[in-house]
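Each value in this text was obtained by applying a stated rule to the coordinates, not by laboratory testing. In this text the structure is predicted, and so the values were computed from the model without any measurement. All Cβ positions, glycine included, derive from the backbone under ideal geometry; neighbour counts span all protein chains shown.
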Amino acid sequence: MKKLFGIAIVAALFLSLAPHSFAQTDAFLGTWKLNVKKSKFNPGPPRKGETRVVVTSNMGMRVSVNRINADGSTQDFEYTSNLDGKSYPITGLGPEGADSIAANLTSPTTIQSTLTKGGKVVATGTSSVSPDGKVLTITAKGTSSDGKPFTNIVVYDKQ
């Protein structure tokens, strides 16, 4: 009976703490579609489309991206991050050839991230969700895969 009571206490503790850890990323969860008209790609050209799907995982959050580039080519990538500032691998063709991302939740609606390729920083970014939870804006600066500097302000609408 004591063992059963102990298991019940541990389960209750886990269930009471779990919503707090997931609540930290709630603003980012869901499906986001690129709003090309509101986005700014410098130097350009703009992407034709993009869908980001963000879900919770046992490591924080998992992000899957399906992108249609300006030339019509597609770019799919995915990563899972614990949002603790440590690097996690990117699978698929990461932005600007990045093979890892380090992300840190700095507020319930803001994530700071660094993309690296072979240990070298290729871009940094800030992801922010609007107060109403309907718009995600990612501001990114870095060096493109062809060596040119870029600054993008990419806006997504929640689906």
Exercise. Sketch the reach of a paramagnetic label on Thr56 as a point 7 Å from Cα along Cα-to-Cβ, and name the residues of region 105-130 whose backbone nitrogen lies under 17 Å away.
Key: 105, 108-109
Quiz item: How much length is gained on full extension from Asn82 to Asn35, taking 0.36 nm per residue of separation minus their Cα-Cα distance?
Solution: 14.2 nm
Quiz item: Whose amide H sits under 5 Å from the amide H of Asp99, counting only residues 5 or more places off or on another chain, with H placed in the peptide plane?
Solution: Thr116, Lys117, Gly118
Exercise. Starting with the fewest neighbours, write out Tyr88, Tyr79 ranked by other beta-carbon atoms found within 10 Å of each beta-carbon.
Key: Tyr88, Tyr79
Exercise. Would you kindly state how much longer the chain becomes between Asp71 and Lys148 on full extension, computed as 0.36 nm times their sequence separation minus their alpha carbon distance, in nm to one decimal?
Key: 26.0 nm
Quiz prompt | Under the Karplus curve 6.51 cos²θ - 1.76 cosθ + 1.60, θ = phi - 60°, whole-Hz ³J(HN,Hα) for region 34-42, x wherever Gly or Pro sits | solution = 4, 9, 4, 5, 8, 8, 10, 10, 10
Quiz item: lysines within cross-link reach of Lys120: Cα-Cα under 21 Å, excluding same-chain residues under 8 positions apart?
Solution: Lys86, Lys141, Lys148
Quiz item: What number, in percent, do you get for the relative contact order of region 81-159 if the mean sequence gap of Cα pairs under 8 Å and at least 6 apart is divided by its residue count?
Solution: 19 percent
